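Written out below as structure tokens is the structure these notes cover.
Derivation of every value follows stated rules applied to the coordinates shown; laboratory data play no part. Being a predicted model, the structure only gives us computed values, none of them experimental. Positions of Cβ are generated from backbone atoms using ideal geometry, with glycine treated the same way; all protein chains shown enter the neighbour counts.
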Amino acid sequence: QVQVAESGGGLVQAGGSLRLSCAASGSIFSINAMGWYRQAPGKQRELVAVITSGGSTNYADSVKGRFTISRDNAKNTVYLQMNSLKPEDTGVYYCNADVRGGSVSGIDRYWGQGTQVTVSS
């Protein structure tokens, strides 16, 4: 089994910064993409940023230039540095990892429980 756990959320004023971390652990042979999603109250979950095992990244237009996703493959960990935060960035931030459990196994997506980010105006 695989566990994914986020940390680093909290309350911050508009214009401030936060850094989220997400670590995957358990029966892991390799991890392909890792990503961050967020869900605001009353809205659907949306992609924030994703990073491949090779380091290629993709961002939602709303966070480009403000957020940076990175990963440490040796630690099975992905980070999200969030700068110039806005009240509309408020929501629960979820991490996922596309995990291969063995050399001939398929890829399964695992999600964390989420971490709350609140940006006050």
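Sorting 6-18, 23-35 by their mean Cβ neighbour count within 10 Å, with the most densely packed peptide first, gives 23-35, 6-18. Our coupling estimate for region 12-20, obtained by passing each phi through the Karplus curve with A = 6.51, B = -1.76, C = 1.60 and θ = phi - 60°, is 9, 7, 4, x, x, 10, 9, 10, 9 Hz, Gly and Pro reported as x.
For region 63-80 and region 24-40, write down the distance between their C-alpha centroids in whole Å. Here the two parts' Cα centres lie 11 Å apart. With a Förster radius of 25 Å applied to the beta-carbon distance between Ser53 and Ser27, the computed FRET efficiency rounds to 0.90.
About its Cα centre, the chain has a charge dipole of approximately 80 debye under the convention of +1 per Lys or Arg Cβ and -1 per Asp or Glu Cβ, with nothing else charged. Is the chain best put as rounded, prolate or oblate by its Cα gyration tensor, with a ≥ b ≥ c the root eigenvalues, rounded for a/c under 1.5, and otherwise prolate when a/b is larger than b/c, oblate when not? Taking the square roots of the gyration eigenvalues as a ≥ b ≥ c, the chain is prolate. Comparing Ser120, Gly65, Gly55 along the charge dipole axis of region 52-121, the residue lying farthest to the positive side is Gly55, per the Cβ-charge model. Scan the chain and report its longest stretch carrying no trypsin sites (Lys or Arg not before Pro) that are both in a DSSP loop and have at most 12 other Cβ atoms within 10 Å. The segment 65-121 is the longest one with no such site.
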